[in-house]
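What follows draws every value from the coordinates through simple rules; no lab data is involved. Just so it is clear, the structure is predicted and the values come from calculations on it, not from any experiment. All Cβ positions, glycine included, derive from the backbone under ideal geometry; neighbour counts span all protein chains shown.
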Amino acid sequence: MSNDQINYLILVVFLLTNIFSFSPSSAVMMKLLVIYYSILRTALPSEADKNITYDLKKILEIISVKLVEHIVVTTKDTYSFAEYNQL
């Protein structure tokens, strides 16, 4: 497992822990924004980033959480999945 995959896994576990500790009414759909700092020089997402985003979106839909944005940030650039219609 790569460092990026481990970072995403830690993020997802943290987010899901916080989501399940909150008890909204069943009529409420929660929305989630994911921001990820990449140690690479480019913010362009890798295929693994795209796959993780797709998988995360599908998993969150099961528990009525809408992934509205995923942003990859570096020291010089950012990449928005929503801006490029990749959500």
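For labels at T75 and M30 in the simple 7 Å Cα→Cβ model, what's the distance in nm?
3.4
Within 10 Å of each candidate Cβ there may be at most 13 other Cβ atoms; applying that plus a DSSP loop requirement, which trypsin sites (Lys or Arg not before Pro) in the stretch 36-81 survive?
Numbers: sites: R41, K50, K57, K58, K66, K76; in loops: R41, K76.
The qualifying sites are R41, K76.
From a point 7 Å beyond the Cα of Y37 in the direction of its Cβ, which residues of the stretch 65-87 have a backbone N at a distance under 17 Å?
Answer for the stretch 65-87: 71-79.
Would you mind ranking L87, L33 by Cβ crowding within 10 Å, fewest neighbours first?
Numbers: L87 15, L33 10.
By the 10 Å Cβ count, ascending, the order reads L33, L87.
Using modelled backbone amide H atoms (1.01 Å from N, in-plane), which distant-in-sequence or interchain residues come within less than 5 Å of A43's amide H?
So A43 has HN proximity to no qualifying residue.
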